[in-house]
Amino acid sequence: MAVKLHRCSNQWVKVKAHPCWKVEKALMDMGIEYERVPGPLGRSKRTVVFEGTEQRMYPDIQFEDGTWYREESKDMERTIREGRLMEKRG
């Protein structure tokens, strides 16, 4: 099952401290199929993310069933690496 990773458009930033990269790297390391959805940098322009999560922060994960998952990136990374991502669906 593929998920959509909604993240900032600064895809060139690949340092552990960057929240979007931290979550994307965890998805890659765990072999989870995902689609990268880079979004606007300006928080006021993140309407898709706001409609899904009622907040304007990155990163966010959207499941195929349309539900969303959002926590602090360190918590999202831990959830992914522990193999519990699909528990957050719905």
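The values are calculated or read from the model by the stated rules, or taken from the named source; none is laboratory data. Remember, predicted model here, so these are calculated numbers, not experimental data. Note: ideal-geometry Cβ built from the backbone for every residue, glycine included; neighbour counts use all protein chains shown.
Quick notes
- In segment 4-27, the residue that is nearest to Glu77 (Cα to Cα) out of those that are among the aliphatic types (A, V, I, L, M) and more than 12 Å from the chain's Cα centre (by Cα) is Ala17.
- When segment 32-67 is filtered for residues that are of a type in the set (A, V, I, L, M), within 14 Å of Pro19 (Cβ to Cβ) and under 13 Å from the mean Cα position of the chain (by Cα), the ones remaining, listed by number, are Val49, Met57, Ile61.
Here is a yes/no grid of residues against (1) part of a loop (DSSP other than H, G, I, E, B); (2) at pLDDT 95 or above:
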{"position": "Arg7", "(1), (2)": "no, yes"}
{"position": "Val13", "(1), (2)": "yes, no"}
{"position": "Trp21", "(1), (2)": "no, yes"}
{"position": "Lys25", "(1), (2)": "no, yes"}
{"position": "Met28", "(1), (2)": "no, yes"}
{"position": "Ser44", "(1), (2)": "no, no"}
